Structure formats: C-alpha cells, structure tokens
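Only one structure is covered here, and it is reproduced in the block below.
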Amino acid sequence: MSGRLAVIGLGPGDARWLTPEAQAALDAADALYGYRPYLDRVPSRIGQARHPSDNREEGARSAAALRHAADGAHVAIVSGGDPGVFAMAAAVCAGIEAGPEAWRTLDVAIVPGVTAMLAVAARVGAPLGHDFCALSLSDNLKPWELIERRLDAAASVGFVIALYNPISRARPWQLGVALERLRQILPASTPVVFGRAVGRADEHVAVTTLAAADPAAADMATLVIVGSSQTRAIARPGRTALVYTPRAVQGVSA
Ligand code: SAH
C-alpha cells in the first residue's frame, strides 16, 4: 500500500461546518494525529488509531505523521478551522522540506475548512466585505515588535483586521496592548467583534466599539475582528448589531 497524508480542516465548530470532503478524508484514514481537543471532536471508529499530542508539538507531530505515511499508512492530521491558517499544513510542508527525500513523493492532500474569521464574520454580517488581513497575536513564533509593526501598518492602510490567538494564560496582556495601539490610529467608534467558540454550544458573539473593547472579554477560543474606518455597525433592537464593511471605499484618498 502506498502511503498518504491528509491535512484536514475540521472547521471552527461542530460537524455542520465539516465539509463532505473533510468527512470522507477522516473516514479513509487508518490513523489520526492532532492536538487533543481537535481529535476529541472526531468520533472514534474501530480500527482507526489516534495519536493526540500537545499544542506546541507541531513539528514532532508532523514528522511522526509523515513517517507513518511513508510506511504505507493512510494518515490524517486534523486542525481546527482551516489547516492552512495558523495551523498544521505549513508545519507539514516544513517537515517535507527538511525531511528525507522519500517524503517528497508522498501523496499529500490539504483539505480546506471554514476558518474562524469567516465563521465569526458570518455571525454578525459582513465585516470582511472589503480588504482585510489576518494576524496572530501569538508571539511564540515571531517577536512582539513585529506584531506591533504589522498592526500599525494594517490599520493605517485601511485593512479590517482579524486577530487570531488574541490571548492566552502565558500572554494575558497582548490584546490590551494591541487594542491600545489601534486606538491611536482608528476612530473610537470603529466596530469591534468578539466571536467566542463560534459554532459550538458555548458560542458567544458581541459587537462593541474600539473605545469600549475590553480585552478581558476574549479568551483562547475567541477571534476578534477590528473594523477599518469604513466599517459600520447597524443597531438592531433585540438583536446583535449588523456589522459590515461596504464594497466601495468612501472618503479615503490614495
Ligand atoms: N486553523 C484555525 C486557527 C488556529 S489558531 C482556523 O482556521 O480557524 C487558534 C485561534 O483560532 C483561536 O485562538 C481563536 O482566535 C480562533 N478560533 C478557532 N476556533 C474558533 C471558534 N470556534 N470561534 C472563534 N475563534 C476561533
């Protein structure tokens, strides 16, 4: 049997956001690898081995999965959301680049998923309706100074910003510092969306303004969207405000 490695996006929530392609790839795997909470979202099946690992072990996890696939197995690595967005697909590519020549001939499939920013955006309207960027606030793999430069640059040129990994136990201060920097550049009334555990039972979505945004409202399962100066929030009685960024840019010179 020739080996195969699928890097599968599970989507941000429950099975409703799992694509049929991802489900088929899960069904076809002899062995599943992944961060334990993501693996826990996949129903176990007899005959399919499971290899949970810790969050920070991406390199070791992809190497183990690649070795296993090179032995001839059908192996799958699972990621939350999309595997190409701050997740395992890049770690697998890096493993192949650094690994033995034989890994380059492996059948590797990246199976896309709904990434968190799209799920959160959909809950509130269309905040990503015009140009936007995604930024991870985690400084595990890059210096904090670079994150600050990217925040300043993105806000200055009018990108809506989706902030992944806004906070963790090891980094309780970073979202607060990031919001404070953005307040120097963007209007106080800029809409900000906190989307927590979207698509799961404990989902919570809130719309606020940059002036009022409280970093304590975010945890590891939260994605924060900070609007641009163009982004608008429409108040709706009894409902979450509708947030959108118009397709046409107004009042901004080149
Ligand atoms: N590959 C994932 C992102 C991994 S980084 C994806 O494409 O979505 C982990 C971060 O994603 C979290 O800190 C949070 O910011 C965001 N996230 C993941 N699932 C989420 C969900 N259901 N609701 C809100 N944010 C989520």
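For this structure, a couple of remarks:
- For residue 88, the shell of other residues with beta-carbons less than 13 Å away shows a net charge of -1, using +1 for Lys and Arg and -1 for Asp and Glu.
- Here the stretch 109-165 and the stretch 3-81 have alpha carbon centers that stand 25 Å from each other.
- Å² of accessible area per residue within the chain, as computed with a 1.4 Å probe and no ligands counted: 50
- Divided by 2.2 N^0.38 Å, where N counts the residues, the Cα radius of gyration of the stretch 14-79 comes to 1.06.
- Each helix, a run of at least 4 DSSP H residues, gives -39500 (n - 2.57); summed and divided by the residues of the chain, these come to -8000 deg cm²/dmol at 222 nm.
- Carbon and sulfur %, accessible surface of the stretch 168-254 computed with the full protein complex present, 1.4 Å: 53
- The Rg/Rh ratio of the stretch 124-199, with Rg taken over Cα atoms and Rh as the Kirkwood radius over Cα pairs, comes to 0.94.
- Paramagnetic label zone (point 7 Å from Cα along Cα-to-C-beta, residue 156; backbone N under 15 Å) in the stretch 216-230: none
- Here the stretch 198-223 is scanned for amide nitrogen atoms under 16 Å from the site 7 Å beyond the Cα of residue 173 along Cα-to-Cβ, giving 215-216.
- Hull shadow area, averaged, the chain [alpha-carbon convex hull, nm²]: 15.2
- Across the stretch 43-87 the C-alpha pair distances fall into 5 Å bins from zero in the proportions 5, 18, 27, 27, 18, 5, 0 percent.
- The length gained by stretching the chain between residue 200 and residue 101 to full extension, at 0.36 nm per residue less their Cα-Cα distance, is 31.5 nm.
- Cα-Cα separations in the stretch 149-254 greater than 19 Å, expressed as whole percent: 44
- Per-pair calculated FRET efficiency, R0 = 30 Å: residue 23 and residue 46 via Cβ, rounded to 0.05: 0.95
- Theoretical gain in end-to-end length, residue 131 to residue 239 [0.36 nm per residue, Cα-Cα removed]: 36.3 nm
- Ordering 158, 137, 178 by the projection of their Cα atoms onto the charge dipole of the stretch 134-181, which places +1 on the Cβ of Lys and Arg and -1 on the Cβ of Asp and Glu, puts 137 at the extreme positive end.
- The distance between label points at residue 185 and residue 249 comes to 1.4 nm (points 7 Å beyond Cα on the Cα→Cβ vector).
The values are calculated or read from the model by the stated rules, or taken from the named source; none is laboratory data. All values reported here derive from a predicted model rather than from experimental measurement. Note that each Cβ is placed from the backbone with ideal geometry, even for glycine, and that neighbours are counted across all protein chains shown. Just so you know, the surface numbers come from the protein's heavy atoms only, side chains and all, with ligands and any DNA or RNA stripped out. Shrake-Rupley method; radii C 1.70, N 1.55, O 1.52, S 1.80 Å.
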